[in-house]
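Have a look at the structure below before the remarks.
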Amino acid sequence: MSEVIMRVENLTKKFPVSDGKFLTACDDITFDVVKGETVGIVGESGCGKTTLLKAIMNMQKPTSGKIIFHGEDITQLTGEAKRQNYRRIQMIFQDPTAAFNPKMKIRDIICEPLLNFDLIAKSEVDAKARELLTQVDLPADFVERYPHNMSGGQRQRVAIARALALEPEVIACDEATSALDVSVQDTIIKLLVKLQREKGITYIFICHDLALVSMFSHKIAVMYLGNIMEKIDGDKLSGARHPYTHALLKAVFSTEREKNQYIEILPGEIPSPLDVPSGCPFRNRCTYCQEICTTQKPPFEEIENNHFVACHYPLNKAH
Amino acid sequence: MLLDVKNLAVSYGKNKTPTISGVNFELDEGKILAIVGESGSGKTTVIRAILNVLPGGGYVSEGKIIFNGRDLSELDADSWRSLRGKDISMIFQDSGAMMNPVHTIGKQFVEYIQTHSDLDKKSAYDMAVEKLELMNLPNPENILKSYTFELSGGMRQRVGIAMAITFQPKLLLADEPTSALDVTTQAQIVGELMFITRGTGAAMIIVTHNLGVASYLSDNLIVMSQGKIVEAGATDDVVKNPRHNYTKSLLASVPEMGRRRYV
Ligand SMILES: Nc1ncnc2c1ncn2[C@@H]1O[C@H](COP(=O)(O)OP(=O)(O)OP(=O)(O)O)[C@@H](O)[C@H]1O
Ligand SMILES: Nc1ncnc2c1ncn2[C@@H]1O[C@H](COP(=O)(O)OP(=O)(O)O)[C@@H](O)[C@H]1O
Ligand code: SF4
Ligand SMILES: [Mg+2]
Ligand SMILES: [Mg+2]
């Protein structure tokens, strides 16, 4: 049966800003991640997706809450235990340029994590790097290149190859395919799915492309201003019931011009995370907002099997 | 005609086969051209060649770029300085990475405005606030006080776009301006880019991997693969009746809701 590999429990992350105020990037987030599955996370820029991943990666300590991985709260790990944990959870960043040392050749960039954990000898580096490059559909002789001598999409594939090197249990992807053309993206997604089937890898996949998320994820979590608003099975996205999820679905461009005439731009401004509205975080942009929404924060409740919604008045169905 | 790119070839390093070659296209005032295609096919290279900002070792090895009747290869450094960022401006794949992390966004934005105008500090600051508001950024004043690393990727990108449109350029070069944005912000920005270009008569070349965005925004479409244009034409024609096999496979890979799932 489905085994929960990771549980994010009441995770909150606040950043101190000027004048003793706090910015709430993640607000009491709770969800389970099932082993061998993909959780897709979607939501507006700045809603806290990267912050959530950084907590999961143990790169940034949350203000409160736990991340239970194999029965252990990894936010409490220190020293060697923390270092070994990095091996089991890898991340592919939104912006690989910032993560790479510009003076290192691709060969060394890809194999750096393997060397750090003493998993291969120096003499094996070249062959291993070539093998990993081939896996992500790049020419093997890219081992000789530097990151700045490549296109954005090529660099992103190097980042993917590097994350795969350690054969981690969980890979967190932060918009890992948004710099790729759709046909390379298709190849990479197929590769990720293949590895998932073979090795039981779990993915936490942040992605803006709602259509892609729906085609690739077992579960989808929709975030807004640091909160999860809806969690739904990937194949049931069109049955979403949160007004914000509906707004997302209406903003997806299609290659069919006829469909694009139904594009709706969500009105209003994203509230600042410094100043989250009382009650429902989405209320100042929600067409269905009622009195109670302004005072009471809707609870995150399971309204159907495996379908959670935080809304006082869930809608019937999309479109 | 605003821009005429004739038989353009660009090479990186010496004695190598050119990275792009035989690139020909024209762009009229106020029109939007989208470039789509393979990752690594040279889309960014085309755009950078136009703005004369090819990275180290890159140079135009063949062809001409005529902008507003002037052959850009004949411009001296001074002319480039007044052209770049004003008549032609660029929105990068990641605008944040283009900014200096040790200075506030406000300092850089104000300096940018002052380099290209006679405005005093206060007026330049007000102008920066106004442009940020145009991009729907909450608390513009707070943003101007921030450093790039304090903002999310999407917010940084909107700052970059705000800067690029400050002087209402005749030609806007946008390299994947919405790749890092969520769908609602993307829809707003696509709307904004459309509004700005249609409103000011600016022309735009947009490189994007999102064929939906390209279909929505552009008048004409260019499809690139391996350093060559493999297909070009009116956007609707290319999308509805792709001729080249690469275009067909690209269109078939576009994720659409309800298409066959991977898992
Ligand atoms: N500074 C450089 N030196 C050497 N080669 C380079 C350099 N910059 C880019 N290239 C190569 O030129 C080709 C075209 O790169 P370009 O960045 O124009 O691609 P692109 O179409 O924009 O790709 P993407 O969609 O991935 O951004 C790629 O094969 C890349 O590896
Ligand atoms: N190190 C930091 N210091 C202060 N604020 C931060 C920091 N990192 C992120 N934030 C803020 O937290 C919020 C969420 O950011 P982020 O997690 O990057 O969003 P997303 O990835 O969903 O776009 C944003 O308002 C951002 O400005
Ligand atoms: S709780 Fe109210 S304001 Fe919030 S999404 Fe639901 S209907 Fe809209
Ligand atoms: Mg992010
Ligand atoms: Mg590019």
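In segment A:186-206, how many residues are at positive phi and either at the interface with chain B (Cβ under 9 Å from one of its Cβ atoms) or within 16 Å of ligand 2 (Cβ to nearest atom) (or both)? Residues in segment A:186-206 being at positive phi and either at the interface with chain B (Cβ under 9 Å from one of its Cβ atoms) or within 16 Å of ligand 2 (Cβ to nearest atom) (or both): 0 in total.
Quick one: is B:GLU62 more than 14 Å from chain A (Cβ to nearest Cβ), surrounded by fewer than 22 Cβ atoms within 10 Å (Cβ to Cβ), more than 18 Å from the chain's Cα centre (by Cα) and more than 16 Å from ligand 4 (Cβ to nearest atom)? Criteria met by B:GLU62. Looking across segment A:288-319 at every residue that is under 30 Å from B:MET194 (Cα atoms) and within 14 Å of chain B (Cβ to nearest Cβ), the one that is nearest to ligand 2 (Cβ to nearest atom) is identified as A:ALA318.
Any residue that is of a type in the set (D, E, K, R) and in contact (Cβ under 8 Å) with a residue 60 or more places away in the chain - is there at least one of those in segment A:85-98? Yes, segment A:85-98 contains at least one residue that is of a type in the set (D, E, K, R) and in contact (Cβ under 8 Å) with a residue 60 or more places away in the chain.
All conditions but one from (1) part of a helix (DSSP H, G or I); (2) basic (Lys, Arg); (3) within 16 Å of ligand 3 (Cβ to nearest atom) apply to A:ARG197; the one that does not is (3). Each residue in segment A:261-276 was checked for being buried (at least 19 other Cβ atoms within 10 Å of the Cβ), within 16 Å of ligand 3 (Cβ to nearest atom) and either more than 30 Å from B:ASP236 (Cβ to Cβ) or among the β-branched types (Val, Ile, Thr) (or both), and 1 pass. Is it the case that some residue within segment B:69-80 is surrounded by 13 or more Cβ atoms within 10 Å (Cβ to Cβ) and in contact (Cβ under 8 Å) with a residue 40 or more places away in the chain? No, segment B:69-80 has no match at all. When we screen A:SER183, A:SER178 for residues that are more than 15 Å from the chain's Cα centre (by Cα) and either at the interface with chain B (Cβ under 10 Å from one of its Cβ atoms) or not in a helix (DSSP H, G or I) (or both), the only hit is A:SER183. Listed conditions (1) out of contact with any Leu (no Cβ under 7 Å at 6 or more places or on another chain); (2) touching a residue at least 12 places away in the same chain (Cβ under 8 Å); (3) surrounded by 15 or more Cβ atoms within 10 Å (Cβ to Cβ) are all met by A:LYS54, apart from (2). Evaluation of B:GLN188 against the conditions (1) surrounded by 24 or more Cβ atoms within 10 Å (Cβ to Cβ); (2) part of a helix (DSSP H, G or I) shows that the sole unmet condition is (1). The residue list A:LEU225, A:LEU274 contains one member that is farther than 20 Å from B:LEU181 by Cβ, within 16 Å of ligand 2 (Cβ to nearest atom) and within 25 Å of the chain's Cα centre (by Cα), which is A:LEU274.
Given the criterion more than 9 Å from chain A (Cβ to nearest Cβ), farther than 23 Å from B:SER82 by Cα, buried (at least 22 other Cβ atoms within 10 Å of the Cβ) and not β-branched (Val, Ile, Thr), identify the matching residue among B:ALA34, B:ALA49. Before the answer, list the steps.
Values: B:ALA49 fails: farther than 23 Å from B:SER82 by Cα.
From the options B:ALA34, B:ALA49, the qualifying one is B:ALA34.
Only residues that are of a type in the set (Val, Ile, Thr) and either under 24 Å from A:SER64 (Cα atoms) or surrounded by fewer than 23 Cβ atoms within 10 Å (Cβ to Cβ) (or both): list them for segment A:221-260, please. Matches in segment A:221-260: A:VAL222, A:ILE228, A:THR255.
Considering A:VAL143, A:VAL125, which residue is assigned to a helix (DSSP H, G or I), at pLDDT 90 or above and either within 14 Å of chain B (Cβ to nearest Cβ) or closer than 27 Å to B:HIS209 by Cα (or both)?
On the way: A:VAL125 fails: either within 14 Å of chain B (Cβ to nearest Cβ) or closer than 27 Å to B:HIS209 by Cα (or both).
None of the others qualify; the one that does is A:VAL143.
In the set (1) modelled with pLDDT of 90 or more; (2) within 16 Å of ligand 3 (Cβ to nearest atom); (3) more than 22 Å from A:SER178 (Cβ to Cβ), A:TYR244 fails one condition alone, (3).
If I filter segment B:116-124 for residues that are within 14 Å of chain A (Cβ to nearest Cβ), within 30 Å of B:GLN188 (Cβ to Cβ), away from ligand 4 (no atom under 16 Å from the Cβ) and not hydroxyl-bearing (Ser, Thr, Tyr), do I get at least one hit? Scanning segment B:116-124, I find no residue that is within 14 Å of chain A (Cβ to nearest Cβ), within 30 Å of B:GLN188 (Cβ to Cβ), away from ligand 4 (no atom under 16 Å from the Cβ) and not hydroxyl-bearing (Ser, Thr, Tyr), so the answer is no.
Residues in segment A:153-167: is at least one buried (at least 18 other Cβ atoms within 10 Å of the Cβ), in a loop (DSSP other than H, G, I, E, B) and more than 16 Å from ligand 1 (Cβ to nearest atom)?
Here is the first cut: in segment A:153-167, the residues buried (at least 18 other Cβ atoms within 10 Å of the Cβ) are A:153-166.
Subset that is in a loop (DSSP other than H, G, I, E, B): A:166.
Next cut, more than 16 Å from ligand 1 (Cβ to nearest atom) only: A:166.
Yes, segment A:153-167 contains at least one residue that is buried (at least 18 other Cβ atoms within 10 Å of the Cβ), in a loop (DSSP other than H, G, I, E, B) and more than 16 Å from ligand 1 (Cβ to nearest atom).
Look at segment B:124-153: where a residue is within 20 Å of A:ASP19 (Cα to Cα) and among the small types (Gly, Ala, Ser) and a partner is within 15 Å of ligand 2 (Cβ to nearest atom) and assigned to a loop (DSSP other than H, G, I, E, B), sitting 6+ places away or on another chain with Cβ atoms under 8 Å, you get B:SER146/B:THR104. Kindly provide the set of residues from segment A:43-62 that are more than 10 Å from ligand 4 (Cβ to nearest atom) and either closer than 13 Å to B:MET155 by Cβ or assigned to a loop (DSSP other than H, G, I, E, B) (or both), ordered by number. The answer is A:GLU44, A:MET57, A:ASN58, A:MET59, A:GLN60, A:LYS61, A:PRO62.
Taking the listed residues B:VAL183, B:VAL207, B:VAL223, the one that is under 14 Å from the mean Cα position of the chain (by Cα) and within 11 Å of chain A (Cβ to nearest Cβ) is B:VAL207, with no other qualifying.
B:GLU256 falls short on exactly one of the conditions (1) more than 16 Å from the chain's Cα centre (by Cα); (2) part of a helix (DSSP H, G or I); (3) under 26 Å from A:LYS190 (Cβ atoms); (4) within 10 Å of chain A (Cβ to nearest Cβ), and that condition is (2). Filtering segment A:78-116 to residues that are assigned to a helix (DSSP H, G or I) and hydrophobic (A, V, I, L, M, F, W, C) leaves A:ALA81, A:ALA98, A:ALA99, A:ILE106, A:ILE109, A:ILE110, A:CYS111, A:LEU114, A:LEU115.
If you go through segment B:155-177 and keep only what is assigned to a loop (DSSP other than H, G, I, E, B) and within 16 Å of ligand 1 (Cβ to nearest atom), you end up with B:GLU176, B:PRO177.
The values are calculated or read from the model by the stated rules, or taken from the named source; none is laboratory data. These numbers come from a predicted model, not from an experiment. Reconstructed Cβ throughout: ideal geometry from the backbone, glycine too, with neighbour counts over all protein chains shown.
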